[in-house]
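Report on one structure; see the data block that follows.
The values are calculated or read from the model by the stated rules, or taken from the named source; none is laboratory data. The model shown is predicted, which means the values in this text are computed figures rather than measured ones. Reconstructed Cβ throughout: ideal geometry from the backbone, glycine too, with neighbour counts over all protein chains shown.
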């Protein structure tokens, strides 16, 4: 770390890379290589002992380069740089967000454990938790944003589950409803559920806020997860995931990553390193655009309700207070309930021109989708209703386009949806 405390957006240009590492290159080249030479057999032994966690590092030593399934210069630079925004000790980058989630969960859960998780979550995460983890003898228990920790604890004790909780998994804001979970409160619950020699981990999926607008590790979380495909990548051209936390926890995750083979490739790591240089600029622009789009939707006659953090007021009670404590900006993700149902929602989506009809989020282009039939299609209808996901809900990821153009495009699509609704009423 330099003597002067530069801000993360400044360090994103070169942190972790020195020009002397690559013949004076100001930017890191792509180390498209599978294996690395050792100077001596003794050095190779040292590298493997550290990489496999067979001994503790001495005097700050770190594993050297061995094989790109274990480590790679591009991966190493990216992982160092990612730590800056969250002030994390270490990070591990994966080939996808789901790889980051599954590797982390499998490292810390075993048969007989209980996973307590917030609902709603991203549909892929829900499927993994409810359909995959349960095959391995792991019990999963959902809770909702309006449940207080005390009530959750009473329920766990009543069901004889409290002593078996090993992890609390949170996604906040929730995908796609933007509901907030109190990270500090759930971290405190995790500590209450822990016992001597048995730590209950608090893991937070921070994808919706990205590394800028919310810092779960500073709010008591043990690990923070990202689909790096989203804001960190930001250009819809790479799939990746990341987890950040203490040296001790990340070291365990990296060992399992080695055997799952789920690390990001050198080229993808290089792309993500490039994208980090403009992360703050992109996210600031996207947030400004989203605030204006949300206000437009809030006053449109075809919109029943807008789910956006920037529109929370004191009348929203606990959600408003949580937002004030743990978020520094409202972000660029919003959802809204269109008047009508699936037909009106589909008409709106089918008539967008500038905004693209696609899943994913956080990239430079604006995207819209229908959660009930797309990202959350695999979730049973009854559970969708409990999550607050209906056929009238539309999700928007706001990009960096001219905001007047975005509003005009959304407005015209809403007019088409209004025509369909009017025809139905008259029929």
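Can you tell me which residue within the stretch 67-91, out of those that are part of a loop (DSSP other than H, G, I, E, B) and modelled with pLDDT of 95 or more, is surrounded by the most Cβ atoms within 10 Å (Cβ to Cβ)? Break it down into steps so the answer makes sense when it comes.
Just the residues of the stretch 67-91 that are part of a loop (DSSP other than H, G, I, E, B), to begin with: 68-72, 87-89.
Imposing the further condition that a residue be modelled with pLDDT of 95 or more reduces the set to 87-89.
Details: 87: 11, 88: 24, 89: 15.
Filtering first and then ranking leaves 88.
Can we say residue 27 is over 21 Å from residue 246 (Cα atoms), out of contact with any strand residue (DSSP E or B) (no Cβ under 7 Å at 6 or more places or on another chain) and at pLDDT below 90? It would help to see each step written out before you state the result.
On the way: over 21 Å from residue 246 (Cα atoms): yes; out of contact with any strand residue (DSSP E or B) (no Cβ under 7 Å at 6 or more places or on another chain): yes; at pLDDT below 90: yes.
Yes, satisfied.
Among the numbered criteria (1) loosely packed, with under 15 Cβ neighbours inside 10 Å; (2) part of a helix (DSSP H, G or I), which single criterion is violated by residue 417?
(1)
Which one of 220, 245, 241 is touching a residue at least 24 places away in the same chain (Cβ under 8 Å), surrounded by fewer than 24 Cβ atoms within 10 Å (Cβ to Cβ) and either outside the structural domain of residue 105 (by TED's automatic domain parsing) or touching a strand residue (DSSP E or B) at 6+ places or on another chain (Cβ under 7 Å) (or both)? Spell out the reasoning first.
Working: 245 fails: surrounded by fewer than 24 Cβ atoms within 10 Å (Cβ to Cβ); 241 fails: surrounded by fewer than 24 Cβ atoms within 10 Å (Cβ to Cβ).
Being touching a residue at least 24 places away in the same chain (Cβ under 8 Å), surrounded by fewer than 24 Cβ atoms within 10 Å (Cβ to Cβ) and either outside the structural domain of residue 105 (by TED's automatic domain parsing) or touching a strand residue (DSSP E or B) at 6+ places or on another chain (Cβ under 7 Å) (or both) holds for just one of 220, 245, 241, which is 220.
Residue 290 - would you say it is within 17 Å of the chain's Cα centre (by Cα) and assigned by TED's automatic domain parsing to the domain that holds residue 407?
Working: within 17 Å of the chain's Cα centre (by Cα): no; assigned by TED's automatic domain parsing to the domain that holds residue 407: yes.
For residue 290, the condition - within 17 Å of the chain's Cα centre (by Cα) and assigned by TED's automatic domain parsing to the domain that holds residue 407 - is not met.
Each row is one residue, and each column tells you yes or no for (1) surrounded by 15 or more Cβ atoms within 10 Å (Cβ to Cβ); (2) within 26 Å of the chain's Cα centre (by Cα).
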| residue | (1), (2) |
| --- | --- |
| 7 | no, yes |
| 46 | yes, no |
| 54 | no, no |
| 65 | yes, no |
| 93 | yes, yes |
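Would you check if there is a residue in the stretch 285-301 being in contact with a strand residue (DSSP E or B) (Cβ under 9 Å, 6 or more places away or on another chain), under 30 Å from residue 417 (Cβ atoms), free of Cβ contacts under 8 Å to residues at least 24 places away in the same chain and assigned to a helix (DSSP H, G or I)?
Within the stretch 285-301, one or more residues are in contact with a strand residue (DSSP E or B) (Cβ under 9 Å, 6 or more places away or on another chain), under 30 Å from residue 417 (Cβ atoms), free of Cβ contacts under 8 Å to residues at least 24 places away in the same chain and assigned to a helix (DSSP H, G or I).
With respect to the numbered conditions (1) in a helix (DSSP H, G or I); (2) modelled with pLDDT of 90 or more, which one is the sole condition not fulfilled by residue 50?
Of everything listed in (1) in a helix (DSSP H, G or I); (2) modelled with pLDDT of 90 or more, residue 50 misses just condition (2).
Condition test on residue 254, is it more than 20 Å from residue 122 (Cβ to Cβ) and outside the structural domain of residue 96 (by TED's automatic domain parsing)?
Values: more than 20 Å from residue 122 (Cβ to Cβ): yes; outside the structural domain of residue 96 (by TED's automatic domain parsing): no.
Taking the combined requirement at face value, the residue does not satisfy it.
Would it be correct to say that residue 372 is within 21 Å of residue 298 (Cα to Cα) and crowded, with 19+ Cβ neighbours inside 10 Å? Full working, then the answer.
On the way: within 21 Å of residue 298 (Cα to Cα): no; crowded, with 19+ Cβ neighbours inside 10 Å: yes.
When the stated conditions are applied, residue 372 does not pass them.
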